[in-house]
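Trainee: Structure provided below as structure tokens; questions to follow.
The values are calculated or read from the model by the stated rules, or taken from the named source; none is laboratory data. All values reported here derive from a predicted model rather than from experimental measurement. Cβ coordinates were reconstructed from backbone atoms using ideal geometry, including for glycine residues, and neighbour counts include every protein chain displayed. The area values use the complete protein model at the heavy-atom level, side chains included, leaving out ligands, DNA and RNA. Shrake-Rupley method; radii C 1.70, N 1.55, O 1.52, S 1.80 Å.
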Amino acid sequence: MLRDMYKFFLKRLLDFVLSLLALLILFPLLVVLGILVRVFLGTPVLFVQQRPGVNEKIFKLYKFRSMTDRKDIEGNLLPDEERLTRFGRFLRASSLDELPELVNILKGDMSIVGPRPLLVQYLDRYNNFQKRRHEVRPGITGLAQVNGRNALSWKKKFQYDVWYVDHVSFVQDVKIILQTIRVVLSHSDISSSTSATMEEFGEASK
């Protein structure tokens, strides 16, 4: 009863209040980061991309950009590792690039804690088990992020995501937030073993 009340009402209320407070408190930092991104990485300052949210509803996700738009002689974007600058790596390692997602939380697109929102093109690649990650709002941080982050296999990530869907609670969210602080401070598991970010999810990843 209490868990259901938290999952379907109190969690959203806390998300709204905490994201609003965080935006007010962190506004000067957001301005400074925006200026630094403009200087070191160019424009646009924000990386905006469509992502699937709860019940696979598509929304626009906001992040500070962390890569340049460098292209090869044929006009194709270079691989992530070649476009990810030292400043971009710092933004990702510190998770400061995620701060604009507070706006997504305020709007109700996301939650503070939940499965990370992945790419829209992955939707038709999920099996029925993997699709269950969309039964709750996606989060800035989640169970997979504090148990390996980008170093995890896709299979393990989805197992953590679905476990979280079935065990949403206030205590669980507090634990994940505290673990997130530890992970961010340690700058661990930012990259996968084969990519500067995370390899694409596909049939071979299942």
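Trainee: Accessible area of residue 200, 1.4 Å probe, to the nearest 10 Å²?
Mentor: Using a 1.4 Å probe on the heavy atoms, I get roughly 110 Å².
Trainee: Take the alpha carbon gyration tensor of the chain, find the square roots of its eigenvalues, order them as a ≥ b ≥ c, and report rounded if a/c is under 1.5; if not, report prolate when a/b exceeds b/c, else oblate. Present the calculation step by step, with values, prior to reporting the outcome.
Mentor: Numbers: a/c = 1.74, a/b = 1.25, b/c = 1.39.
The shape class here is oblate.
Trainee: Helix-only mean residue ellipticity at 222 nm, the chain, DSSP H runs n ≥ 4 weighted -39,500 (n - 2.57), per residue, nearest 500. What is it? Intermediate values should be presented prior to the final figure.
Mentor: On the way: 8 runs with 89 residues, N = 206.
So the helix-based figure for the chain works out to -13000 deg cm²/dmol.
Trainee: Report the one residue of 128, 59, 10 whose Cα lies farthest in the direction of the positive end of the charge dipole of the chain (charges on C-beta: Lys and Arg +1, Asp and Glu -1; origin at the Cα centre).
Mentor: 10
Trainee: Hey, can you find the accessible area per residue of the chain for me, probe 1.4 Å, expressed in square angstrom?
Mentor: 55 Å²
Trainee: With a 1.4 Å probe and every protein chain kept in, tell me what percent of the accessible surface of the chain is carbon plus sulfur. All intermediate terms of the calculation are to be shown ahead of the outcome.
Mentor: On the way: 6970 of 11300 Å².
The nonpolar share, carbon plus sulfur, comes to 62 percent.
Trainee: Next question, about the same structure. Rounded, prolate or oblate for segment 29-98? Axes are the square roots of the Cα gyration tensor eigenvalues, ordered a ≥ b ≥ c, and the cut-off for rounded is a/c under 1.5. Numbers along the way, then the final one.
Mentor: Working: a/c = 1.96, a/b = 1.18, b/c = 1.66.
The shape class here is oblate.
Trainee: Oh, and also: Please name whichever of 150, 85, 40 sits farthest to the positive end of the charge dipole of segment 24-175, dipole taken about the Cα centre and charges placed at Cβ: Lys and Arg +1, Asp and Glu -1.
Mentor: Value: 150.
Trainee: Rounded, prolate or oblate, given the Cα gyration tensor of segment 76-171, with a/c below 1.5 counting as rounded?
Mentor: Verdict is prolate for segment 76-171.
Trainee: So what's segment 1-65 giving for Rg/Rh, alpha carbon basis, Kirkwood Rh from the mean inverse pair distance?
Mentor: Numbers: Rg = 16.0 Å, Rh = 14.3 Å.
For segment 1-65, the value is 1.12.
Trainee: Please list, in chain and number order, the residues 5+ apart from residue 61 or on another chain whose amide H is under 5 Å from its amide H, with Hs placed from the backbone.
Mentor: Residues meeting the amide H criterion: 49, 50, 51.
Trainee: Any lysines with Cα under 21 Å of the residue 107 Cα? List them, leaving off those in the same chain fewer than 8 positions away.
Mentor: Answer for residue 107, where 21 Å is the Cα cut-off: 7, 11, 57, 60, 63, listed by chain and number.
Trainee: Give the accessible area for residue 9 in Å² (nearest 10); use a 1.4 Å probe, count only protein heavy atoms, and leave out ligands, DNA and RNA.
Mentor: The value for residue 9 is about 120 Å².
Trainee: At 30 Å minimum axial length over the Cα atoms and a Kyte-Doolittle cut of 0.0, report the qualifying DSSP H helices in the chain, or say none.
Mentor: On the way: long enough: 11-41 (37 Å, 2.27).
Those that pass (Cα extent of 30 Å or more, hydropathy at least 0.0) are 11-41.
Trainee: For segment 1-78, what's the relative contact order in percent, using C-alpha pairs closer than 8 Å and at least 6 residues apart? Numbers along the way, then the final one.
Mentor: Working: 51 pairs, mean separation 14.2, N = 78.
So the answer I get is 18 percent.
Trainee: Then there's this: GNM on the chain, C-alpha springs below 10 Å: top fluctuator among 177, 112, 35?
Mentor: Most flexible of the set in this elastic network: 35.
Trainee: Just how large is the dipole of segment 34-167 about the Cα centre, in debye to the nearest 20, putting +1 at every Lys and Arg Cβ and -1 at every Asp and Glu Cβ?
Mentor: Around 160 debye, computed over segment 34-167.
Trainee: Round to the nearest 10 and report in Å² the accessible area of residue 171, as given by a 1.4 Å probe over the protein chains' heavy atoms.
Mentor: Roughly 90 Å² of residue 171 is accessible to a 1.4 Å probe.
Trainee: For the chain, with a Gaussian network of springs between Cα atoms less than 10 Å apart, report the residue from 81, 56, 135 with the top mean-square fluctuation.
Mentor: 81
Trainee: At 0.36 nm per residue, and after removing the present C-alpha to C-alpha distance, how many nm does the segment from residue 69 to residue 171 gain when stretched out fully? Walk me through the intermediate numbers first.
Mentor: Working: separation 102, 0.36 × 102 = 36.72 nm, distance 4.14 nm.
Here the segment from residue 69 to residue 171 would lengthen by 32.6 nm.
Trainee: What relative contact order, as a whole-number percentage, does segment 16-173 give when Cα pairs under 8 Å and 6 or more residues apart are counted?
Mentor: Values: 212 pairs, mean separation 34.1, N = 158.
Across segment 16-173, relative contact order equals 22 percent.
Trainee: Between 55, 147, 76, which gets the highest mean-square fluctuation from a Gaussian network model of the chain, Cα cutoff 10 Å?
Mentor: Top of the fluctuation ranking is 76.
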